[in-house]
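> Mind having a look at this structure? Questions to follow.
The values are calculated or read from the model by the stated rules, or taken from the named source; none is laboratory data. Worth saying up front: this structure is predicted, and the values here are computed from it rather than measured. Cβ sites come from the backbone with ideal geometry, for glycine too, and all protein chains shown count toward neighbours. Accessible surface is based on the protein model in full, side chains and every heavy atom, while ligands, DNA and RNA are left aside. Shrake-Rupley method; radii C 1.70, N 1.55, O 1.52, S 1.80 Å.
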Amino acid sequence: MNIYLFNTLTKKKEEFKPLDEKVVRIYSCGPTVYKDATIGNMRTNIFQDVLRRVLRYNGYKIKHAMNITDVGHLVSDGDEGEDKMVKSARELKKTPLEIAKHYTELFFTDLKDLNIETPEIICKATDHIEEMCKYVEELVKNGYAYETSTAIYFDISKLDKYPILSNVNLEEQKAGARVEVDKEKKSPYDFALWIKAPKNHLMKWDSPWGLCYPGWHIECSAMGQKYLGEEFDIHTGGIDLIPTHHENEIAQSKGKSGKIPARYWLHGEYLLINGGKMSKSLGNVYLLKDIKEKGYDPIVYKLFCYSCHYRNKLNFTWEGIEATSKSLERLRNSYQTHLKGKEKLNNEETKKINEIEEKFNMAINDDMNMPLALSYTWELAKFEKKSNEIAKMLLKFDSVLGLKIDKILENPKEEIPQEILKLIEERKQARQNKDWEKSDELRDLIKEKGYEIKDTKNGMEILKIS
Ligand code: AMP
Ligand code: ZN
């Protein structure tokens with residue numbers, strides 16, 4: 001069966017044809033490990049995981065690389081401000097290495113909790129300084145980069161076309177452009193490949209241009225090429241990466257090899273919170289940990305993400321999570337009922353479930369239409385006859401959905417009464433306000449009502465006192 005994917009490069013849904021018949025090579029831009037990953041970040045990781053699973057369901061092997069940005073991503077996505085890692089290290093009084101280790105571990109805990117497969121290759125920017133430096137040297141040699149007193153910049157005027165991924169009109173943008181910090185830049189759209197480190201800069205490496213650190217975009221070009229070759233199949237990321245990071249990755253690759261590194265560019269839309277942006281100032285930045293602390297199975301969030309196509313905006317609400325939690329429980333219960341079912345399907349019924357399977361396959365292969373795929377999963381789960389055949393098929397669907405449909409419910413979420421959930425939320429607020437006294441009072445009250453709260457390093461656990 002053909003697979004169709006929406007390609008940001010051509011702005012069309014295209015039939016997917018891999019360069020190599022058997023192995024699909026994918027590169028995903030990974031996290032900048034200077035802070036906790038949000039549920040927004042995780043939405044992007046969920047869509048990337050579905051992509052892997054759909055390809056494997058269709059018989060492909062996967063070679064998937066994901067980077068960990070632990071240097072070079074500046075506070076502004078332009079070339080301004082402090083390095084995010086250095087800023088976080090300074091604020092938390094730790095070394096950048098400690099910061100990176102801490103947030104990388106938390107990131108992988110989230111992936112595990114969401115049953116997201118770890119890509120075959122995980123590559124850290126700081127482990128690839130030499131490759132990046134060589135890449136920059138080649139760009140200079142090929143005439144695509146120039147040196148100023150502060151950095152080595154990519155010269156976009158040397159390209160036949162820039163931008164090619166986004167629809168940005170540079171001429172129109174120029175009128176309202178901000179004042180350039182580096183007056184030696186030839187164009188405001190030239191971007192830093194390699195930055196000369198100020199005296200006390202925490203992360204810097206020796207190079208032909210003295211002590212420097214890399215720009216943000218070069219790591220993905222250098223590591224993508226190292227692990228997947230000059231040209232691979234699919235490049236993924238969140239939608240915000242289109243006009244900045246991915247545009248510049250393409251520019252770098254054109255300057256080095258003359259090629260666009262990937263054939264298909266896939267981008268996931270944003271997760272909104274109550275219809276707006278997630279931001280610290282609005283106090284609505286949610287982590288997977290917050291969902292777990294309210295007693296939900298983290299997989300609920302994955303199922304919640306399937307309510308919307310990955311290319312559409314999704315609005316997060318706690319009501320949505322509550323409703324999805326019940327759905328997940330129903331789905332898992334249906335699976336168990338079919339698993340124990342002894343009824344035999346007649347020819348007509350077998351034909352019917354095969355048709356459902358066909359429709360499920362078409363939905364996932366149609367640019368990962370998970371809301372539609374989910375509706376066929378429900379049609380199957382609700383099948384009147386209870387049969388092991390159906391359980392088998394549900395499990396097959398779950399190799400794409402990754403919902404751990406066969407998980408046996410030991411402590412269903414619905415057992416925790418609303419009253420307790422409300423007290424837990426109040427305690428969370430108290431802890432956020434550093435009101436430890438109130439937090440302890442609430443813990444005691446919750447205990448009196450029969451529930452014990454345990455604060456663990458992976459978040460909070462709620463246990464019913466038996
Ligand atoms: P960041 O850590 O902000 O650099 O983001 C890492 C990845 O998560 C990028 O690919 C972003 O596009 C993606 N991302 C950030 N915020 C959201 C959001 N609210 N919804 C979906 N993806 C997001
Ligand atoms: Zn990248």
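> Is it the case that the stretch 256-266 has a residue that's within 30 Å of Asp406 (Cα to Cα) and surrounded by 17 or more Cβ atoms within 10 Å (Cβ to Cβ)?
no
> Scan (1) open to solvent by 10 Å² or more (accessible area, probe 1.4 Å); (2) in a helix (DSSP H, G or I); (3) within 14 Å of ligand 1 (Cβ to nearest atom) for the single condition Glu249 breaks and write down its number.
(1)
> Starting from the stretch 216-236, keep only residues that are more than 10 Å from Tyr27 (Cβ to Cβ), then list their pairs with residues that are within 16 Å of ligand 1 (Cβ to nearest atom) and aliphatic (A, V, I, L, M) whose Cβ atoms are within a distance under 6 Å, requiring at least 6 positions of separation or different chains.
Pairs found: Glu219/Ala125.
> In addition: Check whether at least one residue in the stretch 197-208 is over 30 Å from the mean Cα position of the chain (by Cα), modelled with pLDDT of 95 or more and surrounded by fewer than 15 Cβ atoms within 10 Å (Cβ to Cβ), and report yes or no.
Yes, the conditions are met somewhere in the stretch 197-208.
> Would you check which residues across the stretch 85-110 are among the hydroxyl-bearing types (Ser, Thr, Tyr), buried (at least 19 other Cβ atoms within 10 Å of the Cβ) and modelled with pLDDT of 85 or more and list them?
Within the stretch 85-110, Tyr103 is the sole residue that qualifies.
> Further question: With respect to Glu384, determine if the residue is assigned to a helix (DSSP H, G or I), over 27 Å from the mean Cα position of the chain (by Cα), surrounded by fewer than 17 Cβ atoms within 10 Å (Cβ to Cβ) and not β-branched (Val, Ile, Thr).
no
> What tally of residues in the stretch 1-43 results from selecting those that are away from ligand 2 (no atom under 16 Å from the Cβ), open to solvent by less than 40 Å² (accessible area, probe 1.4 Å), out of contact with any helix residue (DSSP H, G or I) (no Cβ under 6 Å at 6 or more places or on another chain) and assigned to a loop (DSSP other than H, G, I, E, B)?
3
> Right, next: Against the conditions (1) within 16 Å of ligand 2 (Cβ to nearest atom); (2) open to solvent by less than 10 Å² (accessible area, probe 1.4 Å); (3) under 18 Å from Leu139 (Cβ atoms), where does Phe232 fall short? Just the number, please.
Exception for Phe232: condition (3).
> Using beta carbons and a limit of 7 Å, which pairs, at least six apart or on different chains, have the first residue in the stretch 348-368 and outside any loop (DSSP other than H, G, I, E, B) and the second one of a type outside the set (D, E, K, R) and open to solvent by 80 Å² or more (accessible area, probe 1.4 Å)?
Filtered contacts from the stretch 348-368: Asn361/Met1; Asn365/Met1; Asn365/Tyr4; Asp366/Tyr4.
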